[in-house]
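Below: the structure, in structure tokens.
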């Protein structure tokens, strides 16, 4: 894995590193489960502070591209070459189901009470990003409260606000 950084660039070093690893993953130069260098190893190789690598790896983890654990180290977790649509559907449902408690807690304990937290928005965005990485082409906001938290400008995928869709349809029907 070859990473080159430009110390004269206005782009932060961690972003340069993140972008290059992201490109390596997307171009499938390295496969899923490939073990990346440790933070310390990569920092020594690139002659940067270890905190720079930690930040780059954190950003990649946030996007669902890499993961780490004490036994395996840091490894590529993203893979977009699923054999069947069924497998993709399972990934979607697994992602949603595994976050069901978080989703419900935010809806019922916050949004229904008029409480809107940036931390909750970030949790939703993280879930949406993981769904995108697994092939989602759009997100349906099927609860009337979710649009209070997530707007189109918050994500890079089309969202469908069912409350707005129903309201527009009702007005159009009434006007016809």
Average silhouette area of the chain, convex hull of alpha-carbon atoms, in square nanometres:
14.0
Extension gain residue 102-residue 3, at 0.36 nm per residue separation less the Cα-Cα distance, in nm?
32.0 nm
Would you calculate the volume per residue, in Å³, of the smallest convex hull containing every Cα atom of the range 13-76?
75
Nearest 10, in degrees from 0 to 90: the angle of helix 13-26 to the longest Cα principal axis of the chain is 80
Antiparallel %, DSSP beta bridges [both residues in the chain], to 5:
60
Report, to the nearest 10°, how far helix 162-175 tilts away from the longest principal axis of the Cα atoms in the chain, using its own Cα long axis and a range of 0 to 90°.
30
Could you give the alpha-carbon Rg of the range 85-175 over 2.2 N^0.38 Å, rounded to two decimals?
1.16
Rg and Dmax of the range 114-162, Cα atoms, in Å?
10.4, 32
Please order 161, 176 by the number of other Cβ within 10 Å, starting at the fewest.
176, 161
If one takes the longest principal axis of the Cα atoms in the chain, at what angle in degrees, from 0 to 90 and to the nearest 10, does the Cα axis of helix 100-109 lie?
50
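Here, each number is a calculation from the coordinates, and none is a lab measurement. In this text the structure is predicted, and so the values were computed from the model without any measurement. Neighbour counts run over all protein chains shown; Cβ positions are idealised from the backbone, glycine included.
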